[in-house]
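Quick notes on the structure that follows.
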Amino acid sequence: MALTEIISLAGYAIEAAGVLVVMIGSVLSTINFLRGYRHQSEGIAYRVYRRQLGRSIILGLEFLIAGDIIRTVIVETSLENVAVLGLIILIRTFLSLTLHLEIEGRWPWQPEDKGSAQKAS
């Protein structure tokens, strides 16, 4: 098996891991929500659910980006493929940043407010 085939398979495996992270994170978040929504005050269970679900989506996006980079830059190095990769990374980065802002209420580079972190946990 050629090195490019191995690297291509690694890229697909990393992308598959990203999909699994989103799927498993979604299922676990939903199970946690269904178990705990009756025991938590109004709105808290939903915010915890959104935070857990969003974090699994963000983590899955990171894996998908890594898989795209490996497969496109290492295996298929044409200017068109690199441009498509750049566009995909921009879209996925935008999604990650906006999801982070939606979930955490702050940009990733802003310091965490210690008071709000204790309330959400």
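Each value in this text was obtained by applying a stated rule to the coordinates, not by laboratory testing. Predicted model, so just to flag it, every value in this text is computed and none were measured. Glycine gets a Cβ as well: all are built from the backbone with ideal geometry, and neighbour counts include every protein chain shown.
Can you pull out the trypsin sites (Lys or Arg not before Pro) in segment 19-106 that DSSP calls coil and that have at most 15 other Cβ atoms within 10 Å?
Values: sites: 35, 38, 47, 50, 51, 55, 71, 92, 106; in loops: 38, 106.
Those that pass, being in a loop and sparsely packed, are 38, 106.
Just one of (i) 13, 33, 29, 17, 8, 1; (ii) 13, 39, 30, 15, 4, 0; (iii) 13, 41, 33, 12, 0 is P(r) over Cα pairs in 10 Å bins from 0, in percent as worked out from the coordinates here. Which one is it?
Structure-derived value, by its label: (i).
Which of 41, 16, 54 sits farthest toward the positive end of the charge dipole of the chain, with +1 on the Cβ of Lys and Arg and -1 on the Cβ of Asp and Glu?
Of the listed residues, the answer is 41.
If you filter segment 17-121 for GluC sites (Glu not before Pro), then keep DSSP loop positions with at most 16 other Cβ within 10 Å, what is left? Please report the intermediate quantities before stating the final value.
Numbers: sites: 42, 62, 76, 80, 102, 104, 112; in loops: 42, 76, 112.
In loop regions of segment 17-121 (DSSP not H, G, I, E or B), the sparsely surrounded GluC sites (Glu not before Pro) are 42, 76, 112.
Run the dipole for the chain about the Cα centre, Lys and Arg Cβ at +1, Asp and Glu Cβ at -1, nothing else charged, and hand back the magnitude in debye, nearest 20.
For the chain, the charge dipole is close to 720 debye.
Please compute the length gained on full extension between residue 28 and residue 80, using 0.36 nm multiplied by the number of residues separating them and subtracting their Cα-Cα distance.
14.9 nm
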